[in-house]
1. List the strands (runs of 3 or more DSSP E) inside the range 1-82, counting only whole elements, that have at least 3 residues being within 16 Å of ligand 1 (Cβ to nearest atom) and farther than 18 Å from THR93 by Cα.
2. What are the residues in the range 100-127 that are crowded, with 16+ Cβ neighbours inside 10 Å, within 14 Å of ligand 2 (Cβ to nearest atom) and part of a helix (DSSP H, G or I), if any?
3. Please enumerate the residues belonging to the range 117-140 that are among the hydroxyl-bearing types (Ser, Thr, Tyr) and over 10 Å from THR6 (Cα atoms).
4. What's the number of the only condition in (1) within 16 Å of ligand 2 (Cβ to nearest atom); (2) touching a Lys or Arg at 6+ places or on another chain (Cβ under 8 Å) that LEU7 fails to meet?
5. Yes or no: VAL10 crowded, with 19+ Cβ neighbours inside 10 Å and out of contact with any His (no Cβ under 7 Å at 6 or more places or on another chain)?
6. Does LEU140 satisfy the condition of being crowded, with 19+ Cβ neighbours inside 10 Å and closer than 25 Å to ARG44 by Cα?
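Computed from the coordinates by the stated procedures, all read-outs in this text should not be read as laboratory data. Every value quoted in this text rests on a predicted model; they were computed, and no experiment measured them. Neighbour counts run over all protein chains shown; Cβ positions are idealised from the backbone, glycine included.
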Amino acid sequence: EQVERTLVLVKPDGVARGLVGEVLRRVEAKGYRLVALDLRTPTRDLLSRHYAEHEGKPFYEPLVAFMSSGPVVAAVVEGQRCVEGFRSLAGATEPTTAAPGTIRGDLGRDWGLAVQQNLVHGSDSPGSADRELALWFPSL
Ligand code: DAT
Ligand code: MG
């Protein structure tokens, strides 16, 4: 099996709503393996590197503020094509229109805020996964 790894985050809204177990259940039910798991409130410094591609966009500041507002669950997930696979489980960025059956589509909605509180993050390519895993889990 050609295995890859991806970074999955349960964002502060997901932790606050008690959906950590539900998200991890879906990851495990899909057949992916948890390699590392950590509950922490990310610093702005980590988030500015994590979200460097979005710097300067109108939602960037609200995004960093939201993501540093409370604990997140960071997970290293492993499995064949799990980068693409978890993006598929997560669904589209906008929770209102994310497909039913996905995490965002089933569990999320819009809240009229400046940033999409869409429950989860998943790396968008194997290259992004390597970069993000080095930021969040430098010892792995
Ligand atoms: P994704 O998380 O689906 O990879 P992204 O990388 O384009 O989406 O954006 C990162 C996060 O920023 C996203 O999860 C929610 C927020 N965001 C993105 N686009 C937004 C927008 N147009 N308005 C408000 N928040 C947005
Ligand atoms: Mg993204």
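1. Once the strands (runs of 3 or more DSSP E) in the range 1-82 are filtered for at least 3 residues that are within 16 Å of ligand 1 (Cβ to nearest atom) and farther than 18 Å from THR93 by Cα, what remains is 72-79.
2. Within the range 100-127, ARG104 is the sole residue that qualifies.
3. Listed by number, the list holds a single entry, SER139.
4. Here LEU7 clears every test but (2).
5. Working: crowded, with 19+ Cβ neighbours inside 10 Å: yes; out of contact with any His (no Cβ under 7 Å at 6 or more places or on another chain): yes.
For VAL10, the condition - crowded, with 19+ Cβ neighbours inside 10 Å and out of contact with any His (no Cβ under 7 Å at 6 or more places or on another chain) - is met.
6. Values: crowded, with 19+ Cβ neighbours inside 10 Å: no; closer than 25 Å to ARG44 by Cα: yes.
For LEU140, the condition - crowded, with 19+ Cβ neighbours inside 10 Å and closer than 25 Å to ARG44 by Cα - is not met.
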